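Since the structure comes first, as structure tokens, the remarks are kept for the end.
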Amino acid sequence: MADTGAGQVELGFLEAAPAWRLRSEQFPSKLYAPLPGRADAFHRSLFLFCCRTPPCCVGLRVFRNQLPRRNDFYSYEPPSEDPPPEAEESLSLQLKSGAHLCRVCGCLGPKMCSRCHQAHYCSKEHQALDWRLGHKQACARADNLDNTVPDHSFLFPEFEIVIETEDEIMPEVVEKEDESEIIESMGEAPEEKLDSMAKHESREDRVFQKFKTKISFEPEQILRYGRGVTPIWISGENIPQEKDIPDCPCGAKRILEFQVMPQLLNYLKADRLGRSVDWGVLAVFTCAESCGLGTGYTEEFVWKQDILDTA
């Protein structure tokens, strides 16, 4: 995903990806957003984390990482878009480098199965859960372990995000379309009825109607990317003011980089465990200067707006 121009928005849509891409070392389980013209941000990624079952002590958190083109983690040349010849025959689910991760939750997995020495876990509890739900059988066959996909309902399903540039729609055209729809739906309404309806129209109604109109042209969008653009809010309540967005530790202001749309919840199957994570809009604000990090990560800021927040 490239950096957008002034006012330009790119839309993200989910698409099923072949297993070899999802499980590849090169597959970015992140939002890839390099900054053109910035040698130190040739590889620039944003990671958004959330818990499936709130309330959670961690909640929503977003991190940024950026690297020059020549670094110790990625090859200088981009990976091939074509599947490897052996993709259908031997699909490796284990990363060849980096820290070991828990098979159940994906967190750091310092513990290891003492029998096969291949399965890693964050805790004894998750090791016991994995043992009951399939590892007991797979552990006996070390050659099959790497191809066994665990599913413990902890992690969200995986997809690939494909990007399309939002078509330019003049605001006055949208307003005229909205007005004609309203007039057509009301027909020959008496003048006093129109006055009454106008008085009862709230700011909440106007904001939500604007949101629906904006996404109606691409209702399946799960993400809107536009560095420095104004987000579209789903509710008139709980809209952040400038003072609500903390500055970056480097001293620079934070600006909107992307927003996650409610449509994503339909793909994540977030209600599989009962109480579900939920949102109207998730707006992610990042350092306007995209300050240098070396090889580390810095935490950015995410604002959660519900469909109607009266708090």
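Below are the figures for this structure:
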| item | result |
| --- | --- |
| Where 208, 285 fall by accessible area, highest first, once all protein chains stay in place (1.4 Å) | 208, 285 |
| Sites residue 71 and residue 141, calculated FRET efficiency, Cβ-Cβ separation with R0 45 Å, nearest 0.05 | 0.75 |
| Potential extension, residue 38-residue 163 segment - 0.36 nm per residue separation minus Cα distance | 42.8 nm |
| Full-extension gain in nm, residue 203 to residue 30, via 0.36 nm per residue minus C-alpha separation | 58.8 nm |
| Net lengthening on full extension, residue 133/residue 115 (0.36 nm per residue, minus Cα-Cα) | 4.8 nm |
| Pair residue 241, residue 80: separation of 7 Å Cα→Cβ label points (nm) | 5.7 |
| Accessible-area ranking of 135, 100, largest first, probe 1.4 Å | 100, 135 |
| Inter-label distance, nm, simple model (7 Å from Cα along the C-beta direction), residue 269/residue 218 | 2.7 |
| Rounded FRET efficiency, nearest 0.05, which uses the C-beta distance separating residue 155 from residue 8 and R0 of 45 Å | 0.85 |
| Packing-based order for 239-246, 33-40, using average beta carbon neighbours within 10 Å, highest first | 33-40, 239-246 |
| Shape call, segment 235-305: gyration tensor on alpha carbons, a/c limit 1.5 | oblate |
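The values are calculated or read from the model by the stated rules, or taken from the named source; none is laboratory data. Note that the coordinates shown come from a computational prediction; the quantities given were computed from them, not determined experimentally. FYI the Cβ positions are ideal-geometry reconstructions off the backbone, even for glycines, and counts take in every protein chain you see. Remember, those area values only see protein heavy atoms, side chains included, never the ligands or the DNA or RNA. Shrake-Rupley method; radii C 1.70, N 1.55, O 1.52, S 1.80 Å.
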